[in-house]
1. Working only within the range 283-297, note down all residues that are of a type outside the set (S, T, N, Q) and within 16 Å of the ligand (Cβ to nearest atom).
2. So Tyr29 passes all but one of these: (1) over 21 Å from the mean Cα position of the chain (by Cα); (2) within 11 Å of the ligand (Cβ to nearest atom). Which condition number does it fail?
3. Across the range 199-214, what is the total count of residues that are on the phi < 0 side of the Ramachandran plot and more than 16 Å from the ligand (Cβ to nearest atom)?
4. From Thr217, Thr196, grab the single residue that is more than 16 Å from the chain's Cα centre (by Cα) and within 16 Å of the ligand (Cβ to nearest atom).
5. Quick one: which strands (runs of 3 or more DSSP E) sit completely within the range 218-323 and have at least 3 residues that are aromatic (Phe, Trp, Tyr)?
6. Answer with yes or no whether Leu190 is out of contact with any Ser or Thr (no Cβ under 6 Å at 6 or more places or on another chain) and surrounded by 22 or more Cβ atoms within 10 Å (Cβ to Cβ).
7. If I go through the range 255-267 residue by residue, how many of them are more than 12 Å from Asp203 (Cα to Cα) and either touching a residue at least 40 places away in the same chain (Cβ under 8 Å) or touching a helix residue (DSSP H, G or I) at 6+ places or on another chain (Cβ under 6 Å) (or both)?
8. Any idea which of Asn109, Asn48 is closer than 17 Å to Asn24 by Cα, of a type in the set (S, T, N, Q), within 14 Å of the ligand (Cβ to nearest atom) and part of a loop (DSSP other than H, G, I, E, B)?
Amino acid sequence: NAMFTWQRTSFHFQPEKNWMNDPNGPLFYKGWYHLFYQYNPDSAVWGNITWGHAVSADLIHWLYLPIAMVPDQWYDINGVWTGSATILPDGQIVMLYTGSTDKSVQVQNLAYPADPSDPLLLDWVKYPGNPVLVPPRHIGPKDFRDPTTAWAGPDGKWRLTIGSKIGKTGISLVYQTTDFKTYELLDEYLHAVPGTGMWECVDFYPVAINGSVGLDTSATGPGIKHVLKASLDDTKVDHYAIGTYNPANDKWTPDNPEEDVGIGLKWDYGRYYASKSFYDPYKKRRIVWGWINETDTESDDLEKGWASVQTIPRTVLYDNKTGSNVVQWPVEEIESLRQNSTVFEEVVVEPGSVVPLDIGVATQLDISAEFETELLGSGAMEEGYGCSGGAIDRSAMGPFGLLVNAHDSLSELTPIFFRSSNTTKGTNTYFCADETRSSLAPDVFKQVHGSKVPVLQGEKLSMRILVSHIWKTMSQGSA
Ligand code: FRU
């Protein structure tokens, strides 16, 4: 296709070629961060799923390694699907993953490193007694996948949870084990939410109410809440909720039933799915990966020979300012990539204007921007403003923000912006990204996304933008 150039990312993880989906079994071992991922070695579309493998010392620069696991057993011949790692107190790695069997039944399998002294964990052994778990009688054979990292209970037994559904109710089954080979299914679910459908890639972990460090997956006690995340198969959205886990009966209760899993908070507002976290004992933080699905058509993917990227790994913490959400931030290592900087101060952006910001020549950008606004006009009540109208939808107090990757003629641009409005219930602020004019290429999936964001008294509006491949950036204001 002569008119367009395919842009590879420079910040984000991508395989050298072919199809990738979910992040799998992320872990830190002997100085290396390991990322496994759902990978088709033969084509740029989904199928023939193996576990791709890469390592990094800084979560930014990656070294591609040979495929870790391929479908070569009756219990995973239709795909080595998503799974998670558990690191035992003695340092042993336990990998649990879903296999799609020769009859396309979803089962759970155990694997471990062939040589624990190898920091690169190149070779993996599948346990000869696999599968270790088959769908329980009341569960559909194709509704049983993506085991979580295990956590230890007060009785010393390990627990893990697996997403499923009963009718249209999304559920999370809990199993207990001591050896990861034999398991006991608990009668009660960790949690269930009617109407949310199949829960894929469940993630479950503790967060500290006060504090700036992440917690090991087995941490419990006062001062700790638990995040439960499900990837909803029906809508392809990652949803989470914050709540309390009771280790005595392995049940989790949302803080706010109106913000329960699947009906409340989204983990991300863009193209994002199948996220998975892990605890990094080296830097004492919890890190979350997520899969960014490709936005090109399948035929374009085949033509360019690759599809999909992973997000920048993000550190996640409980937001103790609001008490009702988590905060995510790109891992600090990303800042080591900054080579030079340009500072723009007191840039005045008049209503309806676009101000070019000359950043010279660059291929990647890490932007921090802070905004102060001045109320123009009457400050009348404006109900109903959000992100959906995109950047062309003007209100008394917005939108304002940055036009990223803007072509000279402004024929291509991606506005990333705030929109505040006075409503009868107070000031509402939305943070949005409008992709509708991001590319002239036909058939690219484009959306306007974003959400209302909590703004506390006296807080300034600021944004951080990582541009993985840049053309030009301008600043926009309008009223
Ligand atoms: C989520 C998912 C998982 C499954 C894997 C298969 O994107 O559908 O539920 O294990 O991808 O590739």
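1. Val288, Trp289, Gly290, Trp291, Ile292, Glu294
2. All conditions are met except number (2).
3. Matching residues across the range 199-214 total 9.
4. Exactly one of Thr217, Thr196 is more than 16 Å from the chain's Cα centre (by Cα) and within 16 Å of the ligand (Cβ to nearest atom), namely Thr196.
5. Details: elements: 224-232, 237-246, 251-254, 273-280, 285-292, 314-318.
The strands (runs of 3 or more DSSP E) meeting that bar are 273-280.
6. no
7. Count: 8.
8. Numbers: Asn109 fails: part of a loop (DSSP other than H, G, I, E, B).
Among Asn109, Asn48, only Asn48 is closer than 17 Å to Asn24 by Cα, of a type in the set (S, T, N, Q), within 14 Å of the ligand (Cβ to nearest atom) and part of a loop (DSSP other than H, G, I, E, B).
The values are calculated or read from the model by the stated rules, or taken from the named source; none is laboratory data. What you see is a predicted model, and the numbers here were worked out from it, not measured in a lab. Quick reminder, even Gly has a Cβ in these numbers, built from the backbone with ideal geometry, and neighbours come from all protein chains shown.
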